[in-house]
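S.K.: Just passing along the structure, written as structure tokens.
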Amino acid sequence: MAILCDADTRLLVQGMGRMGQFHARLSVEYGTSVVAAVHPGKGGTEIDGIPIFNGVREAVAATGANASVIFVPPSGAADAILEAADAELDLAVCITEGIPVLDMARAKRALEGSKTRLVGPNCPGVVTPEQCRIGIMPAQITKPGPVGVVSRSGTLTYEAVDQLSRLGIGQSTCLGIGGDPVIGTSFVDALALFEDDPETVAVVMIGEIGGSAEEEAAEFIQSNMSKPVAAFIAGQNAPPGKRMGHAGAIIAGGKGRASDKIAALEAAGVAVSASPAEVGETLAKHAGLGR
Amino acid sequence: MNVHEYQAKALLAEYGVAVPEGELAGTPAEAEAAARRLGGAVVVVKAQIHAGGRGKGGGIKLAQSPAEAQQAASEILGMTLVTHQTGPEGKQVRKVYVEAGSDIARELYLAITLDRATECFAIIASTEGGMDIEAVAAKTPDRIRTVFVDPVAGLMPYQIRQIGFGLGLDDEQVVLLDAFLGGLFRLYVEKDCSLVEINPLVVTADGELFALDGKLQFDDNALYRHPEIAALRDPEEEDPRERAAAEIDLAYVGLDGDIGCMVNGAGLAMATLDMIQHCGGSPANFLDAGGSADKEKVKEAFALILGDENVKAILVNIFGGIVRCDMIAEGVIAAASELGIEVPLVVRLQGTKAAEGRKLLAESGLDITPADTLGEAGERAVAAAAAATGAA
């Protein structure tokens, strides 16, 4: 089961530059079916045995691809996202960092009513352990199991996954939803998917300063979730008004503080780890998992 | 990216938004001449720095004549202006903007920004102009009206009417607002702004509308398609280390502690600061070396961290996904031998090629404290900084 991707996923790559090729290769090594890549103008050729097409529709028609990973540079990324939606893929995972927020606000609106779920942009992707790797995560640190992991950050996802795996707790699916202000899949969306997934018994959620996605997640957890959730919020000591690496990680106008997010999550019954080093243990205790 | 008020006003004028006439001046004599050209009557001399609250700090002065304008400019130019937004160190004033005085009947507030919850543009209007909008939101939230604009459909005339009549404007002024707000919105969208704030928006005794102050912020991610906006950047207004970091494509934010940090990934970098504080220490900086960190970049990052004289210890925390830990280790070794790192160094390497990286460090002969987990890394860095402080 798991969410978003599994052993049946047929992945296509949009943007076969250096990074796209490198991670396509790693995904293949992990056992993912990478069936096609799109590189306008290079249709009919092959890279590492992966057939190249000029457009997403054409690639889907020829290979039955149902998910896409996008490595297209920022100026063309919104276009790539909407091309994936036009081809009615189930899933488009956009890794690209640095897309203008206006492009994303419009693309997000244009995706409404489409069949395609967008994850990202500015995210590390999705891994369902031992089944499918989409994006740039070091999948070797994951192991199959019952915990869903969802995070706004890349490396902090790895940190949480590593802590779980070291405790002998595996993951159903790990996903990074991205550090930008406008993203395709929110915490609430991911939590709803985990709640409905029979193989997920508990969830780790890694938030950070900026915006109100964690507060919205707290509301959702309070009223809609039966599964235990443990969380960590990064940036507890970040100065206001400073962008902390991610475009979306900024305390602006007195909003988006870690303390408010932690309070909202705790009020919703979430076990919030005070230390980033104890996310795994916090989940283990809260959900009664682990050795 | 932020710009100065005079630059913002030039852009506002370009988009048909009414602003008072004004001129930039770099010397008191230029200020006097500007005041004369503006008609010789009342002018306002305004310090040009990237921070609000200039009036309270003595950076905005009224002048009744060109001679007074010269006097005001001589007082403001060169001063270190401290406001609630500059931090205690303040900012040095290098230019003033000399602006024709306005006959103010009412002061209103108008801003456009992206609302992350609805993913729409929010137009925020308030009858309480000239005040900090956060204070208004806290004390009198009923005096703020927010209208959400669909990013595809754009700003609709009914929304302008809602805002105008909501602000208590009469029908003629609502017509003026149509051009004013319409211009603001076009500017916001066409130039990829992240904030347009007019505070105050002035209604004159004659019923005209003017942007008395204007603040524009731009989406850094969109500057590539607006070279004319990127050219407005004033490096003097930026923190020198943040600027140096940006030039080598590192995300850096200076803090006031004593543990220098080098981390890959924004989330892990934030969590590393949290870890240090959780262990009772204090971080000197946020630094995300990014996904493409290699030997050269690590060396540059070290140089940046060591440029902060408060740094008593350095914590390197790398969780390799794309980044390879062996390349990070090579960078650490190169930095240590070439830059002469004299502060204690705690290094944690995890993920891709971590074992190879640790081996390189262990065989380098350098005095490096290794750490396996994030918790260990935090504890050891805090202990190292405390020991260094005690020894000094």
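S.K.: Please report, in cubic angstrom per residue, the volume enclosed by the convex hull of the alpha-carbon atoms of the stretch B:239-391.
M.R.: Per-residue hull volume (Cα only) is 90 Å³.
S.K.: Straight-line reach from residue B:295: which lysines have Cα under 19 Å away, leaving out those fewer than 8 places along the same chain?
M.R.: Partners within reach: B:353, B:359.
S.K.: Now, a different point. In Å and from the alpha-carbon atoms only, list the Rg and Dmax of the stretch A:1-144.
M.R.: Calculated on Cα positions, Rg and Dmax stand at 13.8, 39 Å.
S.K.: At 1.4 Å probe size, with the rest of the protein present, what percent of the exposed accessible area of the protein assembly as shown is carbon and sulfur atoms?
M.R.: 50
S.K.: Would you work out the relative contact order for the stretch B:239-391, in percent, from Cα pairs under 8 angstrom that are 6 or more residues apart?
M.R.: Value for the stretch B:239-391: 24 percent.
S.K.: Taking amide H atoms as placed 1.01 Å from N in the peptide plane, list the residues 5 or more away in sequence, or in a different chain, whose amide H sits under 5 Å from that of residue B:52.
M.R.: Hits under the 5 Å cutoff: B:85.
S.K.: Let me know the charge dipole size of the protein assembly as shown about its Cα centre in debye, to the nearest 20, where only the beta-carbon of Lys, Arg (+1) and Asp, Glu (-1) is charged.
M.R.: 640
S.K.: Sequence-distant or interchain residues sharing an amide H contact under 5 Å with residue A:68, placed H: which?
M.R.: A:12, A:91, A:92, A:93
S.K.: Please state, rounded to one decimal and in Å, the Kirkwood hydrodynamic radius that chain A gives when every pair of distinct Cα atoms enters the mean of 1/r.
M.R.: Hydrodynamic radius (Kirkwood, Cα only) of chain A equals 18.9 Å.
S.K.: May I ask for the angle, rounded to the nearest 10°, between helix B:325-335 and the longest principal axis of chain B, with both axes built from Cα atoms and the value confined to 0 to 90°?
M.R.: Compared with the principal axis, the helix lies near 90 degrees.
S.K.: Could you compute how fast the protein assembly as shown diffuses translationally, taking Rh as the Kirkwood radius over C-alpha pairs and applying Stokes-Einstein at 20 °C with viscosity 1.002 mPa s? Give it in µm² per second.
M.R.: Rounded, D is 80 µm²/s.
S.K.: From the phi angles alone, apply the Karplus equation (6.51, -1.76, 1.60; θ = phi - 60°) to the stretch B:374-384 and give each ³J(HN,Hα) in whole Hz, x where the residue is Gly or Pro.
M.R.: Running phi through 6.51 cos²θ - 1.76 cosθ + 1.60 with θ = phi - 60° gives 4, x, 4, 4, x, 4, 5, 5, 5, 5, 5 Hz.
S.K.: Could you run the Karplus curve 6.51 cos²θ - 1.76 cosθ + 1.60 with θ = phi - 60° over the stretch A:171-185 and give me ³J(HN,Hα) per residue in whole Hz, x for Gly and Pro?
M.R.: For the stretch A:171-185, the Karplus curve yields 10, 6, 8, 10, 9, x, 9, x, x, 8, x, 10, 10, x, 10 Hz.
S.K.: What list of ³J(HN,Hα) couplings, whole Hz, do you get for the stretch B:232-246 from phi and the Karplus terms 6.51, -1.76, 1.60, once you set θ to phi - 60° and write x for glycine and proline?
M.R.: 3J(HN,Hα) across the stretch B:232-246, in whole Hz: 7, 4, 10, x, 4, 8, 9, 4, x, 6, 5, 5, 4, 5, 4.
S.K.: Another question, then. Below 17 Å, Cα to Cα, which lysines can residue B:139 reach? Residues fewer than 8 away in the same chain don't count.
M.R.: A:255
S.K.: Report, largest value first, the span of the C-alpha coordinates of the stretch B:21-101 along each principal axis, in whole Å.
M.R.: Computed over the stretch B:21-101, the largest-to-smallest principal extents equal 37, 19, 16 Å.
S.K.: Turning to a different aspect of this structure: Would you grab the residues whose amide H sits under 5 Å from the one on residue B:121? Only those 5+ places off in sequence or on another chain, please, with H modelled 1.01 Å from N.
M.R.: So residue B:121 has HN proximity to B:115, B:149.
S.K.: Taking chain B as the reference, fit the longest principal axis to its C-alpha atoms, fit the long axis of helix B:28-37 to the helix C-alpha atoms, and give the angle between the two in degrees, 0 to 90, nearest 10.
M.R.: Once rounded, one gets 30 degrees.
S.K.: Starting from a Cα-only point model with no solvent, please compute log10 I(q)/I(0) by Debye for the stretch B:344-392 at q = 0.18, 0.23 1/Å.
M.R.: The computed values of log10 I(q)/I(0) come out as -0.58, -0.84.
S.K.: A follow-up question, please. Assigning unit charges at the beta carbon (Lys, Arg +1; Asp, Glu -1) and nothing else, what dipole magnitude in debye, to the nearest 20, does chain B show about its Cα centre?
M.R.: Magnitude of the dipole: close to 260 debye.
S.K.: A follow-up question, please. Which Cα, out of B:108, A:15, B:319, lies furthest along the positive dipole direction of the protein assembly as shown (beta carbon charges, K/R +1, D/E -1)?
M.R.: Of the listed residues, the answer is B:319.
S.K.: Pop out the Kirkwood hydrodynamic radius of chain B from its pairwise C-alpha distances, inverse of mean 1/r, in Å to one decimal.
M.R.: For chain B, the Kirkwood estimate is 23.8 Å.
S.K.: What is the ratio of the Cα radius of gyration of the stretch B:14-169 to 2.2 N^0.38 Å, where N is its residue count, to two decimals?
M.R.: 1.23
S.K.: State the antiparallel share, in %, of DSSP beta bridges confined to chain B, rounding to the nearest 5.
M.R.: So the antiparallel bridges in chain B amount to around 75 percent.
S.K.: Same structure again: So if I place +1 on the C-beta of Lys and Arg and -1 on the C-beta of Asp and Glu, and nothing else carries charge, what would the dipole magnitude of the stretch A:38-192 be about its Cα centre? I want it in debye, nearest 20.
M.R.: Using Cβ point charges on Lys, Arg, Asp and Glu, the stretch A:38-192 gives about 260 debye.
S.K.: Restricting the count to DSSP beta bridges whose residues both fall in chain A, what percent are antiparallel, rounded to a multiple of 5?
M.R.: Percentage antiparallel, nearest 5: 20.
S.K.: Run the lone-cysteine check on the protein assembly as shown: no other Cys C-beta under 4.7 Å from the residue's C-beta.
M.R.: When partners are defined as cysteine Cβ atoms under 4.7 Å apart, the protein assembly as shown leaves A:94, A:123, A:174, B:120, B:193, B:261, B:279, B:325 without one.
S.K.: Right, another one. To the nearest hundred square angstrom, how large is the accessible surface buried between A and B, total for both chains, probe 1.4 angstrom?
M.R.: 4000
S.K.: Tilt of helix B:354-363 relative to the longest C-alpha principal axis of chain B, in degrees (0 to 90, nearest 10)?
M.R.: The answer is roughly 60 degrees.
The values are calculated or read from the model by the stated rules, or taken from the named source; none is laboratory data. As the structure is a computational prediction, the values presented were derived from the model and not from experiment. Neighbour counts run over all protein chains shown; Cβ positions are idealised from the backbone, glycine included. All accessible areas refer to the heavy atoms of the entire protein, side chains included, with ligands and DNA or RNA removed. Shrake-Rupley method; radii C 1.70, N 1.55, O 1.52, S 1.80 Å.
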